[in-house]
Amino acid sequence: MNIVCCHGVMGPDEDWKTRKYMPTKHWKEWLQFRTEFDHDVVTQLPYFPHAHALLMKYDEWAKIMDAQDINTDTVLIGHSAGGGFVLKYLALHPELRVKQVVLVAPWIDTEDFQPFGFYKGFSLNNDIVKQAKSGIDMMVSSDDMPHVMSSIDKIIKNAPDIRVHRFENRGHFVTTELPEILDIIKFD
């Protein structure tokens, strides 16, 4: 088993040019340590270029994803725009089979904010759930941003077999640790 965890849009204090990513404020690095130390599972944290909402280019991200070790024993995790990216990547690769997908506060641009069409060109439907042997799980907080909640509603509407895990007062899951994800990942 291995994990590929995809980050989302970088915040205003992060810079893709200098690769300043602020790992101490993200749970992804914590997850990498916990999965490798506690479960002996390699966790890849690919870095996606131009990770600002107005600069994101799907083809650049897909090229990075193509280089990852993804197979039927892989758990794909995506946070925010990284979750939307994972959904599009799977939809555009219907032959791809993975162990599980975990989406954390996934964002797909439902308001066409992103000018380069990062999320255009794919159809989100329930067939995508079949690509993950253990299914797709989605972590959602009731107090997330309105545009993210709109995206989550669209995902649930188009892929109703996704398992939704609801949380209170977790916002957009921007934290240094996310222990609840360890209960969702299928380590067996």
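FYI, it's all coordinate maths here, none of it is from the lab. All values reported here derive from a predicted model rather than from experimental measurement. Here Cβ is always computed from backbone atoms with ideal geometry, including for glycine, and neighbour counts include all displayed protein chains.
Results, tabulated for the structure shown:
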| quantity | calculated |
| --- | --- |
| Antiparallel DSSP beta bridges within the chain, as percent of all bridges there, nearest 5 | 5 percent |
| Nonlocal amide H pairs with residue 41, under 5 Å, H built at 1.01 Å | 36 |
| Given the chain, longest segment not containing exposed loop GluC sites (Glu not before Pro) (DSSP; at most 10 other Cβ within 10 Å) | 1-94 |
| Global form of segment 143-188, assessed from the alpha-carbon gyration tensor, a/c cut-off 1.5 | oblate |
| Footprinting exposure proxy for 145, 65 (fewest neighbouring C-beta atoms within 10 Å first) | 145, 65 |
| Cα-based Lys proximity count in the chain, under 13 Å, for pairs eight or more positions apart or on separate chains | 7 |
| Residues 167, 37, 118 arranged by fewest to most Cβ contacts within 10 Å | 37, 167, 118 |
| Label-point separation in nm, residue 60 to residue 130, each point 7 Å along Cα→Cβ | 3.5 nm |
| Cα gyration tensor shape for segment 2-184, rounded if a/c is under 1.5, else prolate or oblate | rounded |
| Qualifying trypsin sites (Lys or Arg not before Pro) in segment 86-188, DSSP loop, other Cβ atoms within 10 Å at most 16 | 97, 120, 133, 186 |
| Selected from 128, 156, 108 as most flexible by GNM, with the chain as the system and alpha-carbon contacts under 10 Å | 156 |
